[in-house]
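First comes the structure, then the notes that go with it.
The values are calculated or read from the model by the stated rules, or taken from the named source; none is laboratory data. Small disclaimer: the values here were computed from a predicted structure and weren't measured. In this analysis, Cβ positions are derived from the backbone assuming ideal geometry, glycine residues included, and neighbour counts consider all displayed protein chains. Surface areas here come from the heavy atoms of the whole protein model, side chains and all, with no ligands, DNA or RNA. Shrake-Rupley method; radii C 1.70, N 1.55, O 1.52, S 1.80 Å.
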Amino acid sequence: MNNPMLFDCWACYGPGPAKDPSQRWTLEQLLEDLDLYGISAALVRHEQGLNYDPMHINRRLVAETAEHRDRLFPCWNAMPHQPGDFPEPDAFCAAMDQADVRAVLITPNTHGYPIHSDVLAPLAAALNSRRTLVLTTLAELGADYRNATTFCRTFADCSVIIAEATWGQWRLAVSILDACPNACLELSAFQANRAPEFL
């Protein structure tokens, strides 16, 4: 294929508590980096969605990327609604529609809730009906086979991208992919020998 379009599914910008002040984290720097590597477009998250009010940051992400919607596609943080600090699933999906957002990041470990249908079923029902793209990381799933397969099966009608797996998690990652047809791996940290060719 000549000049294929490269689309990054795991782009992020914004300050965070563990980032060095001199690290490249601004939106302008992200755009420069995409240009440098020849990446045409990206699904983009805001780092502060993990450390601050997720819906506030979701809206901020949409506002800050508005000028670049031809190449930056916002990915919102999604959480269970039961504690009362996040919208109920129907209201959340309506807000996604209004902002033309089609992907979510779900972070059970960071936000402190179990990977169980008692907690995730309402959100999963809403996202499954829309076949929303769901992103998470192996660390957010506890690097645990049972958690990962439960999560993927809960969001069974969604494609689930599992990011940040490393080469040492090769057997775990392949086992999850074998068990869950909707699971995919993001490979930026996955340096197992000839892994892309194998997968």
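Report the FRET efficiency, 1/(1 + (r/R0)^6), for S175 and Y52, where r is their Cβ-Cβ distance and R0 is 45 Å, rounded to 0.05.
0.85
For the chain, list the cysteines whose Cβ sits under 4.7 Å from no other cysteine Cβ?
C9, C12, C75, C93, C158, C184
If Rh is defined by the Kirkwood formula over all Cα pairs and Rg also comes from Cα, what ratio Rg/Rh do you get for the stretch 1-49?
Radius of gyration relative to Kirkwood radius: 1.04.
F198: accessible area at probe 1.4 Å, nearest 10 Å²?
130
Quick check for me: using +1 on Lys/Arg Cβ and -1 on Asp/Glu Cβ, what's the dipole size of the stretch 110-199 about its Cα centre, in debye to the nearest 20?
Using Cβ point charges on Lys, Arg, Asp and Glu, the stretch 110-199 gives about 140 debye.
Check each of the chymotrypsin sites (Phe, Trp or Tyr not before Pro) in the stretch 1-88 and keep only those in coil by DSSP with at most 12 other C-beta atoms within 10 angstrom; list them in order.
Of the chymotrypsin sites (Phe, Trp or Tyr not before Pro), the ones in loops of the stretch 1-88 whose Cβ has at most 12 other Cβ atoms within 10 Å are Y37.
Compute the FRET efficiency between T110 and T26 as 1/(1 + (r/R0)^6), taking r as their Cβ-Cβ distance and R0 = 25 Å, and round to the nearest 0.05.
Computed FRET efficiency for T110 and T26: 0.65.
Report the one residue of T137, L72, P122 whose Cα lies farthest in the direction of the positive end of the charge dipole of the stretch 46-172 (charges on C-beta: Lys and Arg +1, Asp and Glu -1; origin at the Cα centre).
After comparing all options, I get T137.
Run lengths n ≥ 4 of DSSP H only: what is the helix-derived mean residue ellipticity at 222 nm for the chain, with -39500 (n - 2.57) per run over all residues, to the nearest 500?
After summing the helix terms and dividing by the residues of the chain, the value is -10500 deg cm²/dmol.
Taking only protein heavy atoms and a 1.4 Å probe, what accessible area per residue, in Å², does the stretch 1-151 have with all protein chains in place?
Per-residue value: 52 Å².
Which percent of the accessible heavy-atom area of the chain goes to carbon and sulfur, probe 1.4 angstrom?
Carbon and sulfur atoms account for 50 percent of the accessible area of the chain.
From the gyration tensor of the Cα coordinates in the chain, what semi-axes in whole Å does the equivalent ellipsoid have, largest first, with each one equal to sqrt(5λ)?
Square roots of five times the eigenvalues give 24, 23, 16 Å.
If DNA, RNA and ligands are ignored and the probe is 1.4 Å, what is the ranking of E164, E186 by accessible area, most exposed first?
If we order E164, E186 from most to least accessible, we get E164, E186.
On the principal axes of its Cα set, how long, how wide and how thick is the stretch 29-129? Give whole Å, largest value first.
Projected onto the principal axes, the Cα atoms of the stretch 29-129 cover 45, 26, 22 Å.
Could you give log10 I(q)/I(0) at q = 0.16, 0.28 Å⁻¹ for the stretch 145-188, computed by the Debye formula over C-alpha point scatterers of equal weight, without solvent?
Those come out to -0.35, -1.03, one per q.
When the chain is treated as a GNM, springs tying every alpha-carbon pair under 10 Å, which of F73, F155, F86 comes out with the largest mean-square fluctuation?
Highest fluctuation of the listed residues: F86.
Picking from Q98, Q48, Q169, which is most flexible by a Gaussian network model of the chain using Cα springs under 10 Å?
Most flexible of the set in this elastic network: Q98.
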